[in-house]
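First comes the structure, then the notes that go with it.
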Amino acid sequence: MPDGGESLIVRAHSSMADIDASAWDRCAGQSRPDANPTVSHAFLKALEDSGSACADTGWLPQHLTLEDGSGRVIGALPLYLKSHSYGEYVFDWGWAEAYERAGGRYYPKLQSSVPFTPVTGPRLLIADENDWSATAGALISGLLQIFERHPASSVHITFPDEREWQAFGDAGLLQRQGFQYHWENRGYGSFDDFLGDLTSRKRKTIRKERQKALDEDGLTVRHLTGAEIEERHWAAFYRFYLDTVDRKWAHDYLKRDFFLALGESMADKVLLILAEYDGKPVAGAFNIIGGDALYGRNWGCAARFKFLHFEACYYQAIDFAIAKGLSRVEAGAQGEHKIQRGYLPSATYSAHLIRDPRFSEAVEQFLTQEQLGVARQMAMLTGQSPFRQEGEG
């Protein structure tokens, strides 16, 4: 573990390919029971190799590694130099507009995150055998030293876990909170057990939705993972993904080669839920399987089926999580309709450091007011929970 007398070296890397995969994954805890695959070497490298996250798309890798005196990597941090704020899901467009309206230059900025992946997980990647607090402090210190020598306007760490969020706050970064919708597994043995925890009205609604999607519409839903996912399945899902992008006037952040790369390097961490009609795929949902959670990521549909989105993205995810003994399903941001399907508000975190002291003060004041609104909104939404209170049927 690092101590006051040990010489530590922070290095910046322009590509995941320049970092030893085993060293990175050891720091990223990929052998732990609660491993989060989105910070694995394979996942981040797939984003880069596919052209999804690279200099051309405004995500220039600047990943940090922390080495001890013997040259052994004891910590790491995913980091990008960004020329925009797309694909982050913690929105700072208003900050950028205000700063540039005042004559400043908001971009480039430094961003520690997993591109296009609003999943809470470690950002301070520290091997288990190292003292967490000391190594985290050294990593944060290295990040701040790089920031001091860099032309970036700011540093942003998005979707860290709560312990990291507190460490960044202790180091002087501004703290921000948001929320997503998560489903918690309360030891259910089946989907019916989960329904038994809901009010009678909500149970009936969900059963009707599932009946409509599966029985009346004649759909078949398949769970594919590992070697079961063939290139034809990825091709079908990618068509659905692009269809959703087109209909929502969104950006096709993820390239086809990203999905193919995951299929080659970490297919056992992927759950592809495919809905078929008359033997042909018509919709799909892409999920990442963590050590104790299922992370719902992307969805697409080539035809109109009522309630299919709920079935493929929410109910099938719950089915899978129960079958595999996972503790939760993280369904991502937005969508109050998730509440009535058992997905309740759960806090998310980010930390921010802004070079200009006057602008930093203004953002800090904004965050104080924003947090009051977030707390009220979470309380209000939680009050809409479909779960039975004691004594309810």
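Every read-out reported here was derived from the displayed coordinates using simple, explicitly stated rules and does not represent laboratory data. Predicted model, so just to flag it, every value in this text is computed and none were measured. Every residue, glycine as well, gets a Cβ built from its backbone with ideal geometry; the counts of neighbours run over all protein chains shown.
Note: relative contact order over region 188-318, using C-alpha pairs below 8 Å and six or more positions apart, is 28 percent. P(r) tail for region 38-196: Cα pairs beyond 27 Å make up 31% of the total.
Computed from point charges on the beta carbon alone (+1 for Lys and Arg, -1 for Asp and Glu), the dipole magnitude for region 186-326 about its Cα centre is near 640 Debye.
Note on the chain: helix-only mean residue ellipticity at 222 nm, from DSSP H runs of 4+ residues weighted -39500 (n - 2.57) and normalised by residue number, equals -10000 deg cm²/dmol.
For the chain, averaging the sequence separation of C-alpha pairs within contact (under 8 Å, six or more residues apart) and dividing by the residue count gives a relative contact order of 20 percent. Normalised Debye scattering of the chain at q = 0.14 Å⁻¹ gives log10 I(q)/I(0) of -1.30, counting only Cα atoms as equal scatterers and leaving out solvent.
Can you tell which of LEU271, SER190, PHE259 lies farthest toward the positive end of the dipole of region 186-326, using +1 and -1 charges on the Cβ of basic and acidic side chains (Lys, Arg; Asp, Glu)? Value: SER190.
Going by C-beta contacts inside 10 Å, put GLU390, GLU48 in order with the fewest on the left.
Result, fewest neighbours first: GLU390, GLU48.
You can think of it this way: the chain between SER83 and ARG207 has 40.0 nm of extra reach, that is 0.36 nm per residue less the Cα-Cα gap.
Relative to the Cα centre, the charge distribution of the chain, modelled as +1 at Lys and Arg Cβ and -1 at Asp and Glu Cβ, gives a dipole magnitude of about 1300 debye. The Rg/Rh ratio for region 91-133, using Cα coordinates for both the radius of gyration and the Kirkwood hydrodynamic radius, is 1.18. The label-point distance for ARG304 and ALA333, in a model that sets each label 7 Å from Cα toward Cβ, rounds to 3.0 nm. A Gaussian network model of the chain, with springs between Cα atoms under 10 Å, assigns the largest mean-square fluctuation among LEU110, LEU381, LEU344 to LEU381. Taking the Cα centre of region 1-112 as origin and assigning +1 to Lys and Arg Cβ atoms and -1 to Asp and Glu Cβ atoms, the resulting dipole is close to 160 debye.
Taking only the C-alpha atoms of region 84-158, the Rg (one decimal) and the largest Cα-Cα distance, Dmax (whole number), read 14.6, 48 Å. The residues neighbouring TRP183, those whose beta-carbon lies less than 12 Å from its own, together hold a net charge of 0 under the Lys/Arg +1, Asp/Glu -1 convention. For the charge dipole of the chain, defined by +1 on Lys and Arg C-beta atoms and -1 on Asp and Glu C-beta atoms about the Cα centroid, which residue among VAL221, SER50, TRP234 has the Cα displaced farthest towards the positive pole? After comparing all options, I get VAL221. Label region 186-326 by shape, choosing from rounded, prolate and oblate, from the square roots a ≥ b ≥ c of the eigenvalues of the Cα gyration tensor; if a/c is under 1.5 it is rounded, and otherwise prolate applies when a/b is larger than b/c, oblate when it is not. Note, shape of region 186-326 comes out oblate.
Once you have a ≥ b ≥ c as the square roots of the Cα gyration tensor eigenvalues for region 251-393, tell me rounded if a/c is under 1.5, and otherwise prolate or oblate according to whether a/b is larger than b/c. Present the calculation step by step, with values, prior to reporting the outcome.
Numbers: a/c = 2.13, a/b = 1.35, b/c = 1.58.
Since a/c reaches 1.5 but b/c is at least a/b, the shape of region 251-393 is classed as oblate.
Peptides 75-83, 147-155 ranked from most to least packed, by the mean per-residue count of other Cβ atoms within 10 Å: 75-83, 147-155. In degrees from 0 to 90, rounded to the nearest 10, what is the angle of the helix 256-265 Cα long axis to the longest principal axis of the chain? That helix lies at roughly 90 degrees to the long axis. Packing order of peptides 193-204, 86-97, highest average first: 86-97, 193-204 (average count of other Cβ atoms within 10 Å over each peptide's residues). Relative contact order of region 116-206: 29 percent, from C-alpha pairs under 8 Å at least 6 residues apart in sequence.
Close amide H pairs (under 5 Å, H built 1.01 Å from N) link VAL282 with ALA275, GLU276, TYR277, residues at least 5 positions away or on another chain. Each of GLU67, GLU230 has some number of other Cβ atoms within 10 Å of its Cβ, and from fewest to most they run GLU230, GLU67.
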